[in-house]
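Colleague: Pasting in a structure now, in structure tokens, and then I'll have a few things to ask.
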Amino acid sequence: TELGVERRFVPESCPRAVRPGDFVRYHYLGAFPDGTRFDSSYDRGSTFNVFVGKGQLIAGMDKALVGMCVNERRLVKIPPRLAYGSEGVPGVIPPNAVLHFDVLLIDLWNSEDEVQVQTYFKPEKCPRTVQVSDFVRYHYNGTFLDGTLFDSSHNRMRTYDTYVGIGWLIPGMDQGLLGMCVGEKRIITIPPFLAYGEDGDGKEIPGQASLVFDVVLLDLHNPKDGIAIENQVVPESCGRRSQTGDFLRYHYNGTLLDGTLFDSSYSRNRTYDTYVGKGYVIAGMDEGLLGVCTGEKRRIIIPPHLGYGEEGRGNIPGSAVLVFDIQVVDFHNPSDSVSITVNHKPSNCTVLSKKGDYLKYHYNASLLDGTLLDSTHNLGKTYNIVLGSGQVVLGMDMGLQDMCVGERRTVVIPPHLGYGEDGVEGEVPGSAVLVFDIELLELVSGLPEGYMFVWNGEVSPNLFEEIDQNHDGEVLLEEFSEYIRTQVDTGKGKLAPGFDFEKIVKNMFTNQDRDGNGKVTAGEFKLKDQEAKEEHDEL
């Protein structure tokens with residue numbers, strides 16, 4: 001005769017219980033006391049959806065549902081006076097029937113409910129939160145109030161990407177995402193009238209269903225965003241800043257906004273080398289690399305419309321904000337020439353180096369960021385060259401001009417006057433600006449341009465006869481070499497300094513041997529002032 005309620009299962013957590021006026025969704029089995037079943041929501045494949053306490057149910061069920069939690073199971077025994085009474089339901093429930101209902105509560109909400117947000121993780125740093133019209137990328141698990149999973153971006157291994165607050169989402173999600181930080185995790189509970197309403201989505205979500213989204217925000221930007229630059233390390237001395245058209249070498253770590261690494265030049269052990277401001281890199285990087293100093297470290301945050309856009313690239317997802325932590329190694333401009341800074345000049349500096357002079361000097365060679373490449377001091381010997389003869393890179397030939405013994409200077413050489421795009425494998429990186437700290441220790445004046453040998457006095461009028469020692473009218477290489485050596489040893493003549501004696505003499509002999517038969521005759525033999533301008537340089 002009385003309403004009987006047996007709580008067969010009560011969940012540990014019960015944040016909310018049914019009150020009159022609430023809307024509920026539940027499954028049930030309806031049976032008579034002898035176990036004969038007369039109805040089942042399971043058989044229909046859908047929950048029973050109804051307001052509680054508004055007379056939409058038999059009186060016993062209206063009372064029995066009050067106080068239930070989602071996922072709670074109750075056995076309800078309803079006497080006839082609180083069920084269908086003496087009339088029953090023709091063909092289904094006889095008069096004065098006691099009814100047993102096995103009830104499982106699936107969902108519960110009230111028309112006065114709002115979106116509920118529970119943040120369970122928030123990063124320490126939160127420089128920006130989601131605002132209306134922002135574009136976000138997030139992962140989620142979507143469940144019903146009883147915990148049943150209906151959708152998950154994790155299972156698809158792809159974020160959900162959308163604008164917020166402009167109607168692209170259900171209203172409750174539009175509200176629930178506002179104020180989130182990148183990296184924040186929150187649970188957003190949405191009543192059906194702010195979700196898919198009475199009809200559901202026609203697929204997985206039934207009508208009148210409350211939805212629970214467990215969300216982690218991965219990315220956030222606004223279409224109006226420009227790049228953001230955070231200066232991390234700026235050298236005290238910055239004599240030059242990058243401009244459009246400059247060529248930069250830099251290292252970087254590239255991450256997404258949530259910290260996921262997608263690329264790193266450090267892992268390849270090679271800088272990224274590019275022109276700036278000419279479209280060789282994404283627009284945001286083109287802009288972010290302007291105005292940097294050599295040695296500077298900065299963070300460049302690039303929105304997707306200045307990065308890889310909606311499509312993404314490789315392991316960069318579409319619509320991703322990119323974060324580049326860069327370190328500038330060096331930069332130059334193709335129009336740059338050699339830069340010379342004199343650090344010390346002796347008081348007596350009258351003899352200046354020129355093309356053809358033989359120089360001995362010490363140097364320290366480094367990259368523009370200070371990385372040491374080479375040093376003659378470490379080798380314990382000078383570097384010796386003939387200036388202007390192509391024995392060093394063009395920039396060094398230029399940098400050693402007009403230098404006096406004892407002078408110290410710093411020579412900065414752009415790559416097009418150094419080792420170019422290829423560099424020297426294992427020693428000098430490609431496209432590297434080189435810095436040489438030089439001290440000139442010795443200078444031996446060279447010969448006039450085009451000469452390999454000169455006499456210090458008058459030239460004998462019988463020169464060929466003097467060289468032709470056996471007087472057979474022919475001069476062999478051995479005779480020629482012996483004569484030149486004697487002239488040098490006795491101080492009567494001088495060879496171009498810095499070159500191998502045998503090579504110079506053989507070159508001189510070959511120039512005189514006009515017919516190439518290995519012998520020089522009196523008819524072939526000529527001094528330089530007897531040569532036509534179009535012929536080779538001779539004695």
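The values are calculated or read from the model by the stated rules, or taken from the named source; none is laboratory data. This structure is a prediction, so every number in the text was calculated from the model and none was measured. All Cβ positions, glycine included, derive from the backbone under ideal geometry; neighbour counts span all protein chains shown. These area figures cover heavy atoms from the full protein model, side chains too; ligands, DNA and RNA do not enter into them. Shrake-Rupley method; radii C 1.70, N 1.55, O 1.52, S 1.80 Å.
Colleague: For segment 322-338, list residues with backbone N below 18 Å from a point placed 7 Å from the Cα of residue 313 toward its Cβ?
Modeller: Residues passing the 18 Å test: 322-326.
Colleague: Quick check: from the Cα gyration tensor, does segment 57-186 come out rounded (a/c under 1.5), prolate or oblate?
Modeller: Prolate shape, in that a/c is at least 1.5 and a/b is the bigger ratio.
Colleague: Enumerate the calculated ³J(HN,Hα) couplings along segment 360-372 in order (Karplus 6.51 cos²θ - 1.76 cosθ + 1.60, θ = phi - 60°), each rounded to whole Hz, writing x wherever the residue is Gly or Pro.
Modeller: These are the phi-based 3J(HN,Hα) values: 10, 8, 9, 8, 10, 10, 9, 7, 5, 8, x, 5, 6 Hz.
Colleague: Please work out the Cα center distance from segment 200-230 to segment 472-530, rounded to the nearest Å.
Modeller: The two parts, judged by their Cα centres, are 88 Å apart.
Colleague: Could you work out how far the C-alpha centroid of segment 296-360 sits from that of segment 68-92, in angstrom?
Modeller: 82 Å
Colleague: Step through the residues of segment 144-149 one at a time and calculate ³J(HN,Hα) from phi using the Karplus curve (6.51 cos²θ - 1.76 cosθ + 1.60, θ = phi - 60°), rounding each to whole Hz and writing x for Gly and Pro.
Modeller: Couplings: 7, 5, 8, x, 5, 6 Hz.
Colleague: Ok, one more. Rank 391, 342, 353 by how far each Cα sits towards the positive end of the charge dipole of segment 321-394 (+1 on Lys, Arg Cβ; -1 on Asp, Glu Cβ) and give me just the farthest.
Modeller: Sorting the options by dipole projection puts first 353.
Colleague: A follow-up question, please. With r as the distance between the Cβ atoms of residue 299 and residue 43 and R0 = 51 Å, compute the FRET efficiency 1/(1 + (r/R0)^6) and round to 0.05.
Modeller: Once the sixth-power term is evaluated, E becomes 0.25.
Colleague: Could you calculate the FRET efficiency of residue 337 with residue 270 from 1/(1 + (r/R0)^6), where r is the beta carbon distance between them and R0 is 30 Å, rounded to 0.05?
Modeller: Calculated transfer efficiency: 0.65.
Colleague: Given a cut-off of under 8 Å on Cα pairs at least six residues apart, what relative contact order in percent is computed for segment 304-392?
Modeller: 20 percent
Colleague: How many angstrom separate the Cα center of segment 127-180 from the Cα center of segment 1-62?
Modeller: The two parts, judged by their Cα centres, are 33 Å apart.
Colleague: Moving to a separate point now. How far is helix 477-489 tilted, in degrees, relative to the longest principal axis of the Cα atoms in the chain, given as a value from 0 to 90 rounded to the nearest 10?
Modeller: Helix 477-489 sits roughly 90 degrees off the main axis of the chain.
Colleague: Would you list which lysines come within 27 Å of residue 54, measuring only between C-alpha atoms, while excluding same-chain residues fewer than 8 positions from it?
Modeller: Partners within reach: 63, 77.
Colleague: Taking the chain as the reference, fit the longest principal axis to its C-alpha atoms, fit the long axis of helix 501-512 to the helix C-alpha atoms, and give the angle between the two in degrees, 0 to 90, nearest 10.
Modeller: It is inclined by approximately 70 degrees.
Colleague: Now a separate question. Pull up the cross-link candidates among the aspartates and glutamates for residue 278, meaning alpha carbon to alpha carbon under 17 Å and not fewer than 8 places away within one chain.
Modeller: 246, 286, 287
Colleague: Here's something else I'd like to know. If the limit is 31 Å between Cα atoms, which of 224/297; 503/526; 345/506; 360/492; 355/381; 360/506 go over it?
Modeller: Working: 224/297 26 Å; 503/526 20 Å; 345/506 40 Å; 360/492 25 Å; 355/381 23 Å; 360/506 25 Å.
Pairs exceeding 31 Å: 345/506.
Colleague: According to a simple spin-label model (label point 7 Å from Cα along Cα-to-Cβ), what is the distance in nm between residue 351 and residue 158?
Modeller: For residue 158 paired with residue 351, the spin-label model returns 7.8 nm.
Colleague: May I pose another question? Ignoring ligands, DNA and RNA, what percent of the 1.4 Å accessible area of the chain is carbon and sulfur?
Modeller: Details: 13340 of 27890 Å².
Of all accessible area on the chain, carbon and sulfur atoms account for 48 percent.
Colleague: Show the residues, 5+ positions off or on another chain, whose built amide H is closer than 5 Å to the amide H of residue 218.
Modeller: 137, 138, 139, 183
Colleague: Applying a 10 Å radius around every beta-carbon, put 234-241, 1-8, 97-104 in order of their mean neighbour count, most first. Don't skip to the end; give the middle numbers.
Modeller: Values: 234-241: 10.8, 1-8: 12.4, 97-104: 19.8.
Averaged packing, sorted descending, gives the order 97-104, 1-8, 234-241.
Colleague: Now a separate question. Give the calculated FRET efficiency between residue 243 and residue 371 to the nearest 0.05, with a Förster radius of 22 Å applied to their Cβ-Cβ distance.
Modeller: The formula returns an efficiency of 0.40 here.
Colleague: May I pose another question? Please work out the average accessible area per residue across the chain, using the 1.4 Å probe convention, and give it in Å². Walk me through the numbers before you get to the answer.
Modeller: On the way: 27890 Å² over 539 residues.
With all protein chains present, the chain gives 52 Å² per residue.
Colleague: Given labels modelled 7 Å from the Cα in the Cβ direction, how far is it in nm from residue 119 to residue 278?
Modeller: 4.7 nm
Colleague: Next up: Between residue 501 and residue 456, 0.36 nm times their residue separation minus their Cα-Cα distance comes to what?
Modeller: Length gained between residue 501 and residue 456: 14.4 nm.
Colleague: Next up: Per DSSP H run of n ≥ 4, the term is -39500 (n - 2.57); total these for the chain, divide by its residue number, and report the mean residue ellipticity at 222 nm rounded to 500 deg cm²/dmol.
Modeller: The helix contribution divided over the chain gives -3000 deg cm²/dmol.
Colleague: If we count every other residue with Cβ under 10 angstrom of residue 367's Cβ, Lys/Arg +1 and Asp/Glu -1, where does the sum land?
Modeller: After counting each charged neighbour, the total is -1.
Colleague: Over the Cα atoms of the chain, Rg to Rh with Kirkwood Rh, two decimal places?
Modeller: Value, to two decimals: 1.41.
Colleague: To continue, here is another question. Modelled label-to-label distance, residue 32 and residue 422, 7 Å Cα→beta-carbon offset: nm?
Modeller: Inter-label distance under the simple model: 9.9 nm.
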